[in-house]
Amino acid sequence: MPLLSLFRRRHPRETSASPHPAPLYRRHLEGLPYILPKDELEKERIDFQHHLLRTYIIKGLYLAPIGNQVSDILDVGTGSGRWAYDMARLFPQAIVTGLDKEATRRATAPTNVRFQLANVLESIPYADATFDFVHQRLLVGAIPIPHWPLVVVELARVTRPGGYVELVETGFIFHQVGPAMRRFLDWGLAAGAQVGIDLTIVAHLDTFLRDAGLQYVHQHLFPVEIGHWGGKKGELAAKNTYAGFESLKDFYMAKLGLSEPDFLQTLQALPAEWERYHTVGEVYVAYGQKTGRF
């Protein structure tokens, strides 16, 4: 049964991880080093992940002390737009711009949401000091290692003095893992290296912010239990992790020459291991303030 059917079987935000494979070939963006698909299945998963982050992990939409008077907000890598829409409702006086190579527009979008098509690896098509708050989330699988400093400098460039840049990422940093999980993570590191992607770089977000000239940088680490042993949060985290890992099938097979049975055998062993070993993942949130005109 495809993942899409499972996402729709229950509440759209709280769905089951599938023991059955998604379609072999998922839609990917051409010409970009993005390791995940860009299709309806992925849109539903990242909507689910947004719910997980907002409700159970970060317990909010952001951490930076931006105050209540923000007027211009930029969401880089907006994807399905869910974060941008929620921020637009929270700050009805602000204009929230979602920037993405291929953004998804919804019929229920708030009137104060705008979309801009752009590739952050090239540039952000706005003048210096345009936004009070610049937010970038879950792009570790899209930004090659050499581009990270350049991207964060660009985020800082379009931020107004006194404004904040915030980065939110979850990557391949897990603790208390079993042999199947270790194999899966090693595959990810090896496949990512072929396109210049490092899925463990998420632990250094604060360094990128400081190197870009931002001040008062803070980084927060949120441990995330993976599995039913971690309660409701752990149950939902396991569903999201499984679905996200399943989405890597095309990428792993193309870069590592894995067969579909080999991939699925390892993937399907993971949920039981997460319970047995009490596996824990990590989410990082880092923010910094722009204090000068640079």
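The values are calculated or read from the model by the stated rules, or taken from the named source; none is laboratory data. Here the structure is a predicted model, which means the values were calculated and not measured. Don't worry about glycine lacking a Cβ; one is built from the backbone with ideal geometry, like all the others, and counts go over all protein chains shown.
Observations
- Scanning segment 189-212 for residues that are farther than 20 Å from Leu63 by Cβ, in contact with a Gly (Cβ under 9 Å, 6 or more places away or on another chain) and not hydroxyl-bearing (Ser, Thr, Tyr) yields Gly192, Ile197, Asp198, Leu199.
- Those residues of segment 253-291 which are at pLDDT below 95 and buried (at least 20 other Cβ atoms within 10 Å of the Cβ), in sequence order: none
- Some residue of segment 282-292 being under 21 Å from the mean Cα position of the chain (by Cα), assigned to a helix (DSSP H, G or I) and within 27 Å of Thr55 (Cα to Cα): no
- When segment 195-239 is limited to residues that are aromatic (Phe, Trp, Tyr) and touching a residue at least 60 places away in the same chain (Cβ under 8 Å), the one that is nearest to Tyr284 (Cα to Cα) turns out to be Phe222.
- Out of Leu36, Leu32, Leu63, sole residue that is aliphatic (A, V, I, L, M) and at pLDDT 95 or above: Leu63
Yes or no, residue by residue, for (1) hydrophobic (A, V, I, L, M, F, W, C); (2) in contact with a strand residue (DSSP E or B) (Cβ under 7 Å, 6 or more places away or on another chain):
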residue	(1), (2)
Leu74	yes, yes
Gly79	no, yes
Asp86	no, no
Gly98	no, yes
Thr111	no, no
Phe131	yes, yes
Gly141	no, no
Val158	yes, yes
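- Gly188 vs. criteria within 22 Å of Gln219 (Cβ to Cβ) and crowded, with 21+ Cβ neighbours inside 10 Å: no
- When Ala203 is tested against (1) touching a Lys or Arg at 6+ places or on another chain (Cβ under 8 Å); (2) surrounded by fewer than 21 Cβ atoms within 10 Å (Cβ to Cβ); (3) assigned to a helix (DSSP H, G or I), only condition (1) is not met.
- Condition check for Thr241 on (1) in contact with a strand residue (DSSP E or B) (Cβ under 8 Å, 6 or more places away or on another chain); (2) polar (S, T, N, Q); (3) surrounded by fewer than 19 Cβ atoms within 10 Å (Cβ to Cβ): one failure, at (3).
- Screening Glu44 against (1) on the phi < 0 side of the Ramachandran plot; (2) in a loop (DSSP other than H, G, I, E, B); (3) modelled with pLDDT under 95; (4) not hydrophobic (A, V, I, L, M, F, W, C) leaves a single unmet condition, (2).
- Residue in segment 186-194 that is of a type in the set (Asp, Glu), in a helix (DSSP H, G or I) and under 18 Å from the mean Cα position of the chain (by Cα) present: no
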